[in-house]
Amino acid sequence: ANYIWKIDALGSQFKLIADYTRYTAHGDNSYHTTTCAPGTLRDSLYESATGSVYDILTADAGLTRKLPHGLTLRAGLRYTRNGSRYAAQMQGTWQALPEYGYDQHYTEQIGAAYASLEYSAGRWELSAGLRGEYTSVASQAFGRSYFGLFPNVSVSRALNALRTWLLAAQWSRNIERPAFPALNPARIRISDYSWQSGNPSLRPTYIHRFSLTTVWKYRYTLTVGGNLHHDLIREIAHRDATDPDAVYIRPENHYTENHWFVAGVPAKITRWWNLSVNAVGVMQRIRLNSTDSPATHYLMFADATCSFTLPAGFFAEAAYRAQSRLYSGNSEVGPRHTLSATVKKQLFGKRLTLFCTLSNITGCDWEFASLTDCMRRTIDAQQAWSGRLWKAGAAWNFRAGKKFRARTVESAAETQRKRLVKSTEQ
């Protein structure tokens, strides 16, 4: 539901937005694992039935007021209620495994008030805001409440009259609550020697973000900055107390983890050759506990895309993706390099496009490692969704005539809906 009252012709308005989302997920799973080692053969069979229900309710009342001298005031109130229920049983009518069964609920209520002031004059643009949030969490295992203040400041200045050279600085304190799947206590069997689960006791992550960016000719950028995390959520491997040969993985809060980065983009070589390069270097400093010494790692992420405009309506594109070894607590993800290529042909006045794509030409696999009790375990895995993939198809462009117009309704629940998907970002 979305109601907007336009107060004046300057852009002042009052908005009232309400969203409700229900998401359900069910699974009947079968596990058949075979483990071979010299002189040993273990064969196991499991089955489980799982179910999850998520309810998200968000209401937002906001006022935008245009003031004299280039000032804009925004203020409002927001209420969010998230409800989750998880249920599962392992082996059903077979030999039951009580330690794998669960029936739990998790309810989270968030009340927030926010205000910001924006100023624009000449080459300057400034904004500053403050949001206060009170959160109450209740589950079968625990209950807690907490309050937080989240300021933000942004300043930009055009360095020439045409605004083709721009300098911008930003700082903010943010909160990121755990994704709902990460709260799910389900114990998922990976093999006879490993399993994973969620953690209903996760705390939110607090982040100080700051950056300085220079923009030239609207497209070339260079950014330096940092993301300083407290209670960052990462997956940690542990030795299973009931089975010394097995490990389990679950998300936990790190004490601190800081990322310092430099990011830059791209260049255009000629009129027929475009080269887009996005490279990010990160210095990562991890402290699992307050008494730990920081562990420092240097990470690199790079994306490069070359596109060529060829005669007779042909186009070719090659994309390279790279990441260095990633570190998460006592777990690691190995380096990964992939190469993809696409060829396109346009026909009928560019209305019809035929294309052929090959993704992950090198067939790069995944490497996962964990260190527990001075023992390093490494797994090489092939994932169907990220393996070598051929794709061929055709697309028709209906640009002729009037374009379709669709009414869109602004949503206040986008941040909460993102929590339905388990985050895999570094």
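Out of 369, 316, I need the residue that is surrounded by fewer than 16 Cβ atoms within 10 Å (Cβ to Cβ), farther than 24 Å from residue 228 by Cβ and of a type in the set (Gly, Ala, Ser). Which one?
316 is the lone residue from the list that is surrounded by fewer than 16 Cβ atoms within 10 Å (Cβ to Cβ), farther than 24 Å from residue 228 by Cβ and of a type in the set (Gly, Ala, Ser).
Cβ-Cβ under 6 Å, sequence separation 6+ or interchain: first residue in the range 133-162 and in contact (Cβ under 8 Å) with a residue 24 or more places away in the chain, partner assigned to a loop (DSSP other than H, G, I, E, B) and of a type outside the set (S, T, N, Q). Which pairs?
As it stands, the answer is 139/200; 141/200; 157/123; 158/123, since those pairs meet every condition given.
Given the residues 79, 119, 106, which is the only one that is in contact with a helix residue (DSSP H, G or I) (Cβ under 8 Å, 6 or more places away or on another chain), surrounded by 15 or more Cβ atoms within 10 Å (Cβ to Cβ) and assigned to a strand (DSSP E or B)?
106
Sort out which residues of the range 1-28 are over 23 Å from residue 83 (Cβ atoms), open to solvent by less than 50 Å² (accessible area, probe 1.4 Å) and in contact with an Asp or Glu (Cβ under 9 Å, 6 or more places away or on another chain), and write them in order of number.
15
If we only count strands (runs of 3 or more DSSP E) wholly inside the range 297-340, which ones have 1 or more residues that are closer than 21 Å to residue 379 by Cα and modelled with pLDDT of 90 or more?
Ranges flagged: 314-323.
Output the strands (runs of 3 or more DSSP E) that fall wholly within the range 178-250 and possess 2 or more residues being in contact with a Gly (Cβ under 8 Å, 6 or more places away or on another chain), touching a residue at least 24 places away in the same chain (Cβ under 8 Å) and surrounded by 19 or more Cβ atoms within 10 Å (Cβ to Cβ), or say none.
The strands (runs of 3 or more DSSP E) meeting that bar are 233-239.
Residue 345 fails exactly one of the following numbered conditions: (1) open to solvent by 60 Å² or more (accessible area, probe 1.4 Å); (2) modelled with pLDDT of 85 or more; (3) closer than 26 Å to residue 270 by Cβ; (4) of a type in the set (Lys, Arg). What is the number of that condition?
Of the numbered conditions (1) open to solvent by 60 Å² or more (accessible area, probe 1.4 Å); (2) modelled with pLDDT of 85 or more; (3) closer than 26 Å to residue 270 by Cβ; (4) of a type in the set (Lys, Arg), the odd one out for residue 345 is (1).
For the subset of the range 349-378 comprising residues that are under 24 Å from the mean Cα position of the chain (by Cα) and assigned to a strand (DSSP E or B), which member is farthest from residue 338 (Cα to Cα)?
Going residue by residue through the range 349-378, those that are under 24 Å from the mean Cα position of the chain (by Cα) are 359-360, 364-370.
Then drop every residue that is not assigned to a strand (DSSP E or B), which leaves 359, 366-370.
Details: 359: 8, 366: 11, 367: 14, 368: 17, 369: 20, 370: 23 Å.
Going through the qualifying residues, I end up with 370.
The values are calculated or read from the model by the stated rules, or taken from the named source; none is laboratory data. Quick caveat, the model's predicted, so the values are computed rather than measured. As a convention, Cβ positions derive from the backbone with ideal geometry for all residues, glycine included, and neighbour counts pool all protein chains shown. All accessible areas refer to the heavy atoms of the entire protein, side chains included, with ligands and DNA or RNA removed. Shrake-Rupley method; radii C 1.70, N 1.55, O 1.52, S 1.80 Å.
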